[in-house]
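*Asks:* Structure provided below as structure tokens; questions to follow.
FYI, it's all coordinate maths here, none of it is from the lab. From a predicted model like this one, the values you see are computed outputs, not experimental measurements. Don't worry about glycine lacking a Cβ; one is built from the backbone with ideal geometry, like all the others, and counts go over all protein chains shown.
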Amino acid sequence: MHEEQTAAKLGSLPDLPAEEPTQAELPAPAGDTAQIKKALHRLLALAEDGQLFRTPDGACYLSVDGQNLSLTRSEATREYVTLRYFEAYDAVPQDSSITGAIRILAARARTSAVRQLHSRIAHEGGSIWLDMGNRRAIQITPHGWQVVNDPPVLFRQAPGALPLPAPQRGGNLVELLRPLANVASETDLHLLAGWLVGTLVPTGAYAFLALSGRQGSGKTTLSTHLRNIIDPNESAVAAFPEKPEELTLIAREAGVLAFDNISRLNRNESDHLCRLSTGAAIRKRQLHTDADIVQISAKVPVILNGIPDLNGTAPDLDSRILAVMLVRRERNTPMRHVDAAFAAAHPWLLGAVCDAAATAMRSSYTAENLPRLADFTEWVERAAPALGWEGGYFTSLMEQQAEQHAAAAVENSTLARWLLDLLTEQQEWQGTATELRAALLNSKEAGDKHPLDFPKTPKLLAQELRRIESSLQMQDIEIGFIRRPGGRERIISLSFSNNRNLCVTASQSLSLPDNNALNPASNAASHQRHTSVTASHAASQTVPTFPLPPECLPPPHGSASSAELAERRAAALASLNGESSTFIACLNAGDWEQIKEIIAAAKQDRGLLSQIYQQRKFSQENAAQV
């Protein structure tokens, strides 16, 4: 009776579009036609309990039994309807019946409501949702968070996805991360915490996390744990795809992505990664067709790890990266201990991230003069009370990151370094791209044997100049592109800004712009203030203990791997913060052995190294000796 009612509602079935028949779909004998039609009606009746919908990019789905089944070339959908049919009728439908039913459902879905299909993280109805798996989700609102059964938002079933644990309340995110992350400094630890909170930012671009360090510093392990806090997966860390175009397709199935052992990124790979930060769409031809174009987009936070420091890879990518340095542990620890420690901490880490997100949602804090990634930075600033930080602290960290990225981008570009040297000699310069290229080559007497990364044509030089323009501006270089009146040529104007202190060429040293965050005296006071706030915050929160062996704990933050190097660094800090700086005295006295000791100690802390260069610009003669 149910089947007859379904048939009546359907009326006469539409003729299916002609296509090349497969072996399973060859015309059935006349006697089987009635059976095929009957099976088709049965399959459509079984799907009536589900909900048909289409996504903004035009993909069609059937939501049924907690699954969101694709109606376009999905083997999982065929398996589902076959199993349901077998359970209901103790028989297996013919392939032609299955294909026909799926195609009819897809046609209906194209006229159904548009719904967003999310991967692990969703922003809907004024809430943040985290898919826990097993038809449960964490709902985060300005009032807090809760676990919800059968959430109203739709999530993908990503390959290899694992369920999230039930989150626990009251943990301190920074302190929970401390035993798991063997970072080089306290600043690096805070960047990790800020990035984790930023994975839930509701608007704007995501920040990428770049982990660097020597072999054995735990880059892959930390990448795995950081992803699994939000988006656990059997294959949490993967190799970078050979075809960068595949990045968007991979990202559609993930809440967080982590790529392992990145040695370098070319321009094309960098551009595709930047699209994941903003959610920019790509267009591609529909599979097996010539005319149909599909638009695919994905927006997801990304972790990159590798031995080289990824700073200076590409200015656009650099501006989206939080660079964190890891150091080697003094003793290797069995992975079973490390994984056990993470498993015990995971519910508390997840709860702490949810606490921070709820704090950010109810905050009315408005930041001023934000760096790039403004939405991300402001979101973390709003979560600052949950992290034990004062307002403006994370913004200062982001500004330091921007300065370091700009300096690295200039250092890694032959064109940028040569421009700095040219302006140091001439103060300002004007001319066409052709004239600029000739002037740079003549100044270096390079002839045809110039470096491989130097632009080979004036057109490429102008393009490269625009690409590194923001990095050069942070090095106090003003760039202008002016069209000559009545002509087609563009004039390039180069000059130092008024606050540039011209005492060293680019080939000798690259200085960071003046910034209060890098001033030794103010930085020391700021660090002490933030430390006291964090300590007070930690005292009011629960910090559970986990089964982490003593040898798994990292050395004290901000120190080296030995007591001797720790003493050197402490001496360097005291020298920098003292009114009569030992460092300046050593420079004036030419005590290069002592200077080398201070710099060696400072390399354990990127911020301290920046302070050293800010204290005093090396002269050409002295820099050569160092």
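*Asks:* First select every other residue whose beta carbon is under 12 angstrom from the beta carbon of G198; then total the charges, Lys and Arg +1, Asp and Glu -1.
*Replies:* Spelling it out: positives minus negatives among the neighbours equals -1.
*Asks:* Taking H placed 1.01 Å from N in the peptide plane, check which residues at least 5 places from H118 or on another chain put their amide H under 5 Å from its amide H.
*Replies:* Counting only residues 5 or more places away or on other chains, the set is L154, F155, R156.
*Asks:* A further question follows. Over region 409-496, what is the relative contact order in percent, taking alpha-carbon pairs closer than 8 angstrom and at least six residues apart?
*Replies:* 37 percent
*Asks:* For L69, what residues show an amide H to amide H distance below 5 Å, using hydrogens built from the backbone and excluding near sequence neighbours?
*Replies:* When sequence neighbours closer than 5 places are left aside, the close amide H contacts are L62, S63, V64.
*Asks:* Under a Cβ-Cβ cut-off of 10 Å, what is the net charge of the residues other than H405 that fall near it, where Lys and Arg count +1 and Asp and Glu count -1?
*Replies:* Net local charge, H405 excluded: 0.
*Asks:* I've got another one for you. Using unit Cβ charges (K, R positive; D, E negative) and no other charged atoms, how large, in debye to the nearest 20, is the dipole of region 409-496 about its Cα centre?
*Replies:* The calculation lands at about 500 debye.
*Asks:* Provide the FRET efficiency to the nearest 0.05 for the D375-E330 pair, computing r from the beta carbons and using R0 = 30 Å.
*Replies:* 0.15
*Asks:* Mind giving me the nanometre distance, one decimal, between the label points for F86 and T366, set 7 Å out from Cα along Cα→Cβ?
*Replies:* Reported label-point gap for F86 and T366 is 6.2 nm.
*Asks:* What are the residues whose amide H is under 5 Å from the amide H of I477, where those residues sit 5 or more places off or on another chain and H is modelled from the backbone?
*Replies:* S497
*Asks:* Using label points projected 7 Å from each Cα along Cα→Cβ, tell me how many nm separate A239 and Q157, to one decimal.
*Replies:* 2.9 nm
*Asks:* Express in nm, to one decimal, how much length is gained between I296 and T203 on full extension, taking 0.36 nm for each residue of separation and deducting their alpha carbon distance.
*Replies:* The span from I296 to T203 would gain 31.6 nm if fully extended.
*Asks:* Okay, moving on. With the crude spin-label approximation of a point 7 Å out along Cα→Cβ, what separation in nm comes out for K459 versus E435?
*Replies:* Those two pseudo-labels are separated by 2.2 nm.
*Asks:* Let me ask something else. With contacts defined as alpha carbon pairs under 8 Å and 6 or more residues apart, what's the relative contact order of region 173-391 in percent?
*Replies:* Relative contact order comes out at 31 percent.
*Asks:* Now for a separate question. For region 100-110, in order, what is each residue's ³J(HN,Hα) by Karplus, 6.51 cos²θ - 1.76 cosθ + 1.60 with θ = phi - 60°, in whole Hz (x at glycine and Pro)?
*Replies:* Going residue by residue, I get x, 5, 5, 5, 5, 4, 5, 4, 5, 5, 5 Hz, with x marking Gly and Pro.
*Asks:* Follow-up question, since we're still on this one. Run the paramagnetic zone check for N134: 7 angstrom along Cα to Cβ, then residues of region 142-176 with backbone nitrogen under 11 Å.
*Replies:* Hits in region 142-176 for N134 at 11 Å: 163-166.
*Asks:* Considering only the other residues whose Cβ falls under 12 Å of the Cβ of G133, what net charge follows from Lys and Arg at +1 and Asp and Glu at -1?
*Replies:* Net of charged neighbours comes to +2.
*Asks:* To continue, here is another question. Mind checking the full-extension length gain between E48 and I482? Use 0.36 nm per residue of separation minus the Cα-Cα distance, one decimal, nm.
*Replies:* Between E48 and I482, full extension yields 149.7 nm more.
*Asks:* On to the next question. Can you run phi through the Karplus equation (6.51, -1.76, 1.60; θ = phi - 60°) for region 407-419 and list ³J(HN,Hα) in whole Hz, with x for Gly and Pro?
*Replies:* Whole-Hz 3J(HN,Hα) from phi for region 407-419: 4, 5, 5, 5, 4, 8, 10, 4, 4, 5, 5, 5, 5.
*Asks:* Hey, another quick one. From the phi angles alone, apply the Karplus equation (6.51, -1.76, 1.60; θ = phi - 60°) to region 224-238 and give each ³J(HN,Hα) in whole Hz, x where the residue is Gly or Pro.
*Replies:* Couplings: 4, 5, 5, 5, 5, 4, 9, 9, x, 8, 4, 10, 5, 10, 9 Hz.
*Asks:* Order by neighbour count: C274, C60, fewest other Cβ atoms within 10 Å first, most last.
*Replies:* Least crowded to most crowded, the residues run C274, C60.
*Asks:* Just want the ordering: W429, W195, from fewest to most Cβ atoms lying within 10 Å of their own Cβ.
*Replies:* Fewest to most other Cβ atoms nearby, the residues stand as W429, W195.
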